[in-house]
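Remarks on the structure that follows.
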Amino acid sequence: MVEVRSALVSMASENDLRPVIERPDICFQELPVGDLVSVSAWPDCFVDVSEKVSGVLGVKTPETYRVASGNDVHTMYMVAPHRFLIASEVQELSVSLLPCLDGDKGTLTELGHSRTRIRIHGPNARALLARGVAIDLDPAVFPSGEFVQSAIHHMWLLIHNVSSEQEGDAYDVYVLRSFAVSFWHWLVSSMELLGNETSA
Amino acid sequence: MSSEISRLAYGGRINRGERVSFTFDGRKFQGFCGDTLASALLANGVRLVARSFKYHRPRGIYTAGSEEPNALVTLRSGARHEPNTQATMIELFDGLDAKSQNCWPSLNHDMMIVNDYLSPFLSAGFYYKTMMGPTRKSWMFYEHFIRNAAGMGVATTEDDPDQYEKVNAFCDVMVVGSGPAGLSAACAAAKTGARVVLVEQSADIGGALLSEPVGGACDAWLTQRVQELEAADNVQILKRATVFGAYDHGVFGIVERVGDHLKEPLSGTVRQRMWVMRARQTVLATGAQERPIAFSGNDLPGIMLAGAVRCYINQYGVLPGRHAVVFTNNDSAYTTAIELAEAGADVTLADARTLAPTELKSRAETVGVKVLEATAVLKAKGRKVIRSVELADFDADSGRTGQSSKSVECDLLCVSGGWSPSFHLLAQRGGSKPAFDQNLAAFVPGDETSEFLIAGAATGQFDTQGCVENGHQVGREAAKLCAFEVSDGASCAVELEMDDKWSEPLLPLWEILGKDGDKVKKSFVDLQHDVTSLDIALAHREGYESVEHLKRYTTLGMASDQGKTANMQALALMADHRGVSIPDVGITTFRPPFTPTAIGAFAGKDAGATLVPRRLTPMHEWHERHGARFLETGIWDRAWYYPKPGENLDAAYRREAAELRSSVGIIDVSTLGKIDVQGPDAAEFLNRVYVNGWKTLPVNKARYGIMLRDDGMVFDDGTTTRIAEDHYFMTTTTASAGPVMSKLEYLLQTIWTDLKVQVTSVTDQWAAVAISGPRARDVLARVVDDIDVSNEHLPFMGAVHGTAGGIPVRIIRITFTGELGYEIYTPAGYGEALWDTVYQAGEGSDLKLCGIEALGALRIEKGHVAGSEITGRTTLDDLGLSRMGSTKKPYIGSVLAKREALLESDRQQFVGLKVVDPKAVLKGGALLFEPGKPPHGHGLGYLSVAAFSPVMDCYVALGLLSGGRAREGSVMHAVDAIDNTTIPVLVTSPHFYDPKGEKAHG
């Protein structure tokens, strides 16, 4: 089988498939998407489909548009009414989820190739994202586990706060594949100005 | 090297241990770290620093802050050359290079002073009156000279070498201003746990407290508060930061001057940072601004606002004059007089009020100030600096001076006409109408200031202790409004005892008239724009009575200082002319920015190559490796052409187009919009959005479709393939992918909520490779693993699924070139692998790379419509596609497409155009005229696109021509007004190549 080619492979070091940039205060690296599907249910089938999908994934159904739910393998984002974006560390997610829609209860669209996932972490992760996204990233307002759909510099993003005690501030950012290189450039150029605040 | 003749031996908040060298107009000076350029110039005895805008009158330093109207200088040189910076706001740094501006040949000897002598002819609006004749076109002649003479300073044309950035920030309480009220408010709010941002435009925290003597009571208080705030985790202090704009929903623009106090920004840092602050509550503790009083000659260097003089004495250790006159109508200037005297100046204080405040008068006289009650400054005299003032008795009741006057020599005149609360940010938001406070003779924030909380002097409370207490209360209130708990018992632990309350009321006083009660000359109101009280009188006489008319007619308040020292006086003078009260005249609207803000700060990092992000196809790097040149199409970078050595664009696209027609070409079409349409009602949905029918489309078949807008104009076109019974794969044009997706979502979410259909953008999910040409099938057959691509199994508009070289593919037999063609879709991560597989497989079939320039030429030959024809002004019939519109079903746009005007026979219709002379070159955009008719106006149509056609061996074009189809066979003139060419063209069918479509179906 042909390897899935990262949109950022040209940003990676020689022999690496995915790029990483590390600094003491900030690190960002591309992570494999695994699989990503959009599952929609018709309004009258939503509860039924939600329960089935949750059952298959072993994940609690998200209750809001801000809080993702997940386990080590799968993450469910409720991104619109009656619509989930489901990220998985494993492939072939659609095969296991399609039965949840049996009986014309909704639709499933594969999107695993459409997004690039970049993890941004480190003490300055928040400051870096604040250069672009008009979202209050203060942990009191946007705690670990929450996500938002927003944009940086005209690029659509889904930002998931995956901060933990071990890793500190950390965010998984999903960006449309065609924008991945531009977004990476934005990250690098923004990082270069970070940590040099003279009066703030 | 000049000595600092006016520097006091003591005091000031400057760092006397750190000497700083700078130049002004090439002369070397020294100051101290902590000085501003203004304070350093004053310390060095420099009085003349600028020339005025219109009359080129000598001007000096007038204030000590951002309201400065006079002391505008050009800073730095080369690419960092920056005109119109306020000397009062420039922090002194070693090597600072400042120059005067708006003068020639020098500041001291400015020849343009002739304007001052001509001032009787240069009154407000003079150019409207005197430059309109003698002929109708006279203005065109004068305009050039007027525009050359106008303007202040010269901007650099070099690229800005500095970096800027934007930061989004959020807080519970933002406090603007770090004076006594602001500090107090910030501390009070911070104690509740609220996230507080304190914004101060200066380098140092303290606001008006910094103008108090060093070591006084307020210093300890100030230090304590700053330490308290700096120690708090929930407080952020932004210094050198100006809140320049207030916008909807608690959004503020703040520019932080990160590197402006340095010779150049430190490596890796920005020059300025734009904060987009979103605050839940905002406390405006922006203080008050002192007002001048107008009188003859009130603009001479050496005349300053009294509060500014205090600031120079106490903050910078500078004595601006040794022989001072203080002219006031209120108590505040007494402190200035006392401190001047204590610093060694001989001081005369002229108080326009009948009775001076007893205690202050006594204190002033104790230190040697000569206090004159009921006295006014009639006139200031001097050529380039003030030399003396003429004092006269003043009757507060009549507002008139006595007939006798006496001259007092001086080198400094301090003026105080009262104070106006500074609430520009609130005024920017409109909504809340300010109220007029008769006691202060000033506008104060109105009662309905619901959007912001106001504290301290900005409310009209001018005593320090009152400001501290008020700030404390307001800070707590702000936190409370953010739902933070405010304990009732919390006392005002921020007390600061200062006795600076006014004991006597202010006497409203705006202008000192001549002894005869007439208006006097050179009595300036707006110093930066050279607007005098006579100009205001003129505006009134000529009917420009409205404050908005006054502003525009005289340009009062329209300079870079926004008339901060002028507006109140102007309103009062106009009120007097009209015989109405000041509130009846009204006030103009303040607009952002509060102070001039660099464009670079607004742009941030979004400049140059990073102005907009670029979208790249999955095969982008492959194209780069193979020498492709790229074209920006929207925000996509598309492979434009693949030049061979020595080829330019023209040669490359002609070759690529010809090669595709003769063999086979490969084109990256991944940028096409792609939408996944699913659901049991998907066919019905498509039936409604497309003009043609979709219900009968079999599975694994594609169909070309056109969408109209509601108004009947063509919206977009593309092919949609039925993947399964309830599943379609729609493609749109590259440009309209977003708008089409939005439209479909809109329809499903708001209009047809009963339809069970889901649409999902999959543009980024799929890479798309088009192969086209007579040998396309040969290449495809070599690539696919398990798919029969014969004409029988995969006919025109057929679709199949399978793998190609192990890569999953979806193949649709469609063409944009008119040749046998296929579009092969694969998940984007395999895009490059698929492309390479096809490219390798095609080598034996002479497969050639084809960029979008060649693709454009091929589509012109074929006569397909594209973005240059789907302009939003063309109908189905205009494009010759009316037969596609179903008569059996309604669809979006079907009703309004039947409007009478859209059916007229002389509408511009889609046609082909071919040069009559085979050597002639056509360009898109040329207008079409009938031969023999003058080529004036918009013509009968235009060339939407043109290219060299390898098939026709000449230039051909597509165009829109009035009644075009009926003109087939006739000759028109294509007139290019830019190249000044007229080329005869033959009107033809747009289908130059294979009009019956046999190639595509073969």
Query raised in the report: In the stretch B:793-822, what count of residues is obtained for those that are aromatic (Phe, Trp, Tyr) and in a strand (DSSP E or B)?
Result: 1
**Report entry** Considering residues of the stretch B:633-643 that are more than 21 Å from B:GLU659 (Cα to Cα) and modelled with pLDDT of 95 or more only, the residue surrounded by the fewest Cβ atoms within 10 Å (Cβ to Cβ)
**Finding:** B:TRP636
**Report entry** Residue match in the stretch A:72-84 (condition: within 14 Å of chain B (Cβ to nearest Cβ) and aromatic (Phe, Trp, Tyr))
**Finding:** yes
Query raised in the report: Going through the stretch B:777-792 one residue at a time, which ones are in a helix (DSSP H, G or I) and over 55 Å from the mean Cα position of the chain (by Cα)?
Result: B:ASP778, B:ALA781, B:ARG782
Query raised in the report: Inside the stretch A:95-128, can you point out the residues that are more than 12 Å from chain B (Cβ to nearest Cβ), within 19 Å of the chain's Cα centre (by Cα) and of a type in the set (Gly, Ala, Ser)?
Result: A:GLY122, A:ALA125
Report task. Could you pull out every one of the strands (runs of 3 or more DSSP E) wholly within the stretch B:838-941 that has 1 or more residues that are within 23 Å of B:VAL987 (Cα to Cα)? Result -> B:908-915, B:927-929
Query raised in the report: Where residues in the stretch A:129-167 are within 14 Å of chain B (Cβ to nearest Cβ) and of a type in the set (Phe, Trp, Tyr), which of them is farthest from A:THR64 (Cα to Cα)?
Result: A:TRP156
Query raised in the report: Can you find a residue in the stretch B:773-796 that is buried (at least 23 other Cβ atoms within 10 Å of the Cβ), away from every other protein chain (no Cβ under 14 Å) and closer than 30 Å to B:PHE715 by Cα?
Result: yes
Report task. Filter the stretch A:30-40 down to residues that are more than 22 Å from A:ARG18 (Cα to Cα) and either surrounded by fewer than 16 Cβ atoms within 10 Å (Cβ to Cβ) or touching a His at 6+ places or on another chain (Cβ under 8 Å) (or both), then give me how many there are. Result -> 1
**Report entry** Cβ pairs under 9 Å, 6+ apart, first in the stretch A:177-193 and more than 8 Å from chain B (Cβ to nearest Cβ) and aliphatic (A, V, I, L, M), second in a helix (DSSP H, G or I) and buried (at least 23 other Cβ atoms within 10 Å of the Cβ)
**Finding:** A:LEU187/A:LEU128; A:MET191/A:LEU128
Requested in this report: Hey, can you tell me all the residues within the stretch B:819-845 that are crowded, with 24+ Cβ neighbours inside 10 Å and at pLDDT below 95?
Outcome: B:GLY842
Query raised in the report: Any residue in the stretch B:946-968 that is in a helix (DSSP H, G or I), out of contact with any helix residue (DSSP H, G or I) (no Cβ under 9 Å at 6 or more places or on another chain) and buried (at least 17 other Cβ atoms within 10 Å of the Cβ)?
Result: yes
Query - Hits in the stretch B:626-653 - residues which are of a type in the set (Lys, Arg) and either within 10 Å of chain A (Cβ to nearest Cβ) or assigned to a loop (DSSP other than H, G, I, E, B) (or both) - result: B:LYS644
Report task. Could you tell me which residue of the stretch B:147-205 is nearest to the other protein chains (Cβ to nearest Cβ), considering only residues that are over 23 Å from the mean Cα position of the chain (by Cα), more than 23 Å from B:PRO593 (Cα to Cα) and in a loop (DSSP other than H, G, I, E, B)? Result -> B:ARG195
Query - B:VAL226 vs. criteria of a type outside the set (D, E, K, R), more than 30 Å from B:GLU18 (Cα to Cα), surrounded by fewer than 22 Cβ atoms within 10 Å (Cβ to Cβ) and touching a residue at least 12 places away in the same chain (Cβ under 8 Å) - result: no
Query raised in the report: Which strands (runs of 3 or more DSSP E) does the stretch A:1-47 wholly contain that include 1 or more residues that are in contact with a Phe, Trp or Tyr (Cβ under 6 Å, 6 or more places away or on another chain)?
Result: A:20-23, A:35-41
Report summary line: Pairs returned, first residue in the stretch A:43-72 that is of a type in the set (Lys, Arg), second residue that is not in a strand (DSSP E or B), beta-carbon separation under 8 angstrom, 6 or more apart or interchain, are A:LYS52/A:PRO99; A:LYS52/A:CYS100; A:LYS60/A:SER54
**Report entry** Residue pairs meeting the criteria (Cβ under 6 Å; at least 6 apart or on separate chains; first buried (at least 23 other Cβ atoms within 10 Å of the Cβ), in the stretch B:669-685; second of a type in the set (Gly, Ala, Ser))
**Finding:** B:SER670/B:ALA767; B:SER670/B:ALA768
Report task. Go through (1) small (Gly, Ala, Ser); (2) surrounded by fewer than 23 Cβ atoms within 10 Å (Cβ to Cβ); (3) closer than 30 Å to B:LYS381 by Cα and name the single condition B:GLY268 misses. Result -> (3)
Query raised in the report: Taking B:ARG273, is it touching an Asp or Glu at 6+ places or on another chain (Cβ under 7 Å), surrounded by 24 or more Cβ atoms within 10 Å (Cβ to Cβ), within 13 Å of chain A (Cβ to nearest Cβ) and not small (Gly, Ala, Ser)?
Result: yes
Query - Residues (under 22 Å from B:THR74 (Cβ atoms) and out of contact with any Phe, Trp or Tyr (no Cβ under 9 Å at 6 or more places or on another chain)) located in the stretch B:123-150 - result: B:ARG147, B:ASN148, B:ALA149
Query raised in the report: Taking strands (runs of 3 or more DSSP E) that do not extend beyond the stretch B:46-145, which have at least 2 residues that are hydrophobic (A, V, I, L, M, F, W, C) and farther than 25 Å from B:ALA539 by Cβ?
Result: B:72-75, B:96-99
Requested in this report: Would you mind finding the one in B:THR826, B:THR817, B:THR763 that is touching a helix residue (DSSP H, G or I) at 6+ places or on another chain (Cβ under 6 Å), touching a residue at least 12 places away in the same chain (Cβ under 8 Å) and away from every other protein chain (no Cβ under 14 Å)?
Outcome: B:THR817
**Report entry** Unmet criterion (only one of (1) surrounded by fewer than 24 Cβ atoms within 10 Å (Cβ to Cβ); (2) in contact with a Leu (Cβ under 8 Å, 6 or more places away or on another chain); (3) within 14 Å of another protein chain (Cβ to nearest Cβ)) for B:ALA768
**Finding:** (1)
Report task. Test A:PRO43 against the criterion of being surrounded by fewer than 20 Cβ atoms within 10 Å (Cβ to Cβ), within 12 Å of chain B (Cβ to nearest Cβ) and over 15 Å from A:VAL173 (Cβ atoms), and give yes or no. Result -> yes
Report task. For residues that are of a type in the set (Val, Ile, Thr) and more than 9 Å from chain A (Cβ to nearest Cβ), scanning just the stretch B:797-811, find the one that is farthest from A:GLU3 (Cα to Cα). Result -> B:VAL800
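Let me confirm something: among B:SER868, B:SER886, which residue is away from chain A (no Cβ under 14 Å), in contact with a strand residue (DSSP E or B) (Cβ under 6 Å, 6 or more places away or on another chain), at pLDDT 95 or above and surrounded by fewer than 22 Cβ atoms within 10 Å (Cβ to Cβ)? Show your work before the answer.
Details: B:SER886 fails: in contact with a strand residue (DSSP E or B) (Cβ under 6 Å, 6 or more places away or on another chain).
When all the criteria are applied, what remains is B:SER868.
The values are calculated or read from the model by the stated rules, or taken from the named source; none is laboratory data. Remember, it's a predicted structure, so these values are computed and weren't measured experimentally. Cβ atoms come from the backbone with ideal geometry, glycine included; neighbour counts cover every protein chain shown.
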